[in-house]
Amino acid sequence: MIRIAGVDLPDTKSIEIALTYIYGIGRTRSKEILSSIDINPETKTKALTDTEVSSLRERIEKNYTTESDLKRLVALNIKRLIEINCYRGRRHIQGLPLRGQRTRTNSQTRKKTAGKQSSRRFK
């Protein structure tokens, strides 16, 4: 099993799909990384050589923000919005949609967690 950025990648899946198990890497970024290193996206994870794995690991760790660093960055951005008391920050505190969506009939999921999660997470 290959470990990149603190995540164990599944052996039986193609490397293009396996890379999406890393937080911050989706299908598009996965394809971009593999094309830059010249690895076939259909290759199974267990079939990769050590040099391919090391170049893949080096490429991801140097050029992309992933996993805990990315989660910390997102949390800090939300905390900054709350501290400056802007509209989006207040919507985060209230647990409501941020981007102008209708709230009269939709956004039930976001409203359910309104008082519970959002106030505890960023204070």
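The values are calculated or read from the model by the stated rules, or taken from the named source; none is laboratory data. Fair warning: this is a prediction, and the values are worked out from it, not measured in the lab. Cβ: placed from backbone, ideal geometry, glycine included. Neighbour counts: every protein chain shown. We work out accessible area using only protein heavy atoms, side chains counted, and drop any ligands, DNA or RNA first. Shrake-Rupley method; radii C 1.70, N 1.55, O 1.52, S 1.80 Å.
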Members of segment 50-101 found to be under 29 Å from LYS31 (Cβ atoms), open to solvent by 50 Å² or more (accessible area, probe 1.4 Å) and among the charged types (D, E, K, R), listed by number: ASP50, GLU52, ARG57, GLU58, ARG59, GLU61, LYS62, ASP69, LYS71, ARG72, ARG99
Which numbered condition ARG110 misses (of (1) in contact (Cβ under 8 Å) with a residue 12 or more places away in the chain; (2) open to solvent by less than 50 Å² (accessible area, probe 1.4 Å)): (2)
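If you check ILE84, ILE93, which single one turns out to be touching a helix residue (DSSP H, G or I) at 6+ places or on another chain (Cβ under 9 Å) and among the aliphatic types (A, V, I, L, M)?
Details: ILE84 fails: touching a helix residue (DSSP H, G or I) at 6+ places or on another chain (Cβ under 9 Å).
Testing whether each residue is touching a helix residue (DSSP H, G or I) at 6+ places or on another chain (Cβ under 9 Å) and among the aliphatic types (A, V, I, L, M) leaves just ILE93.
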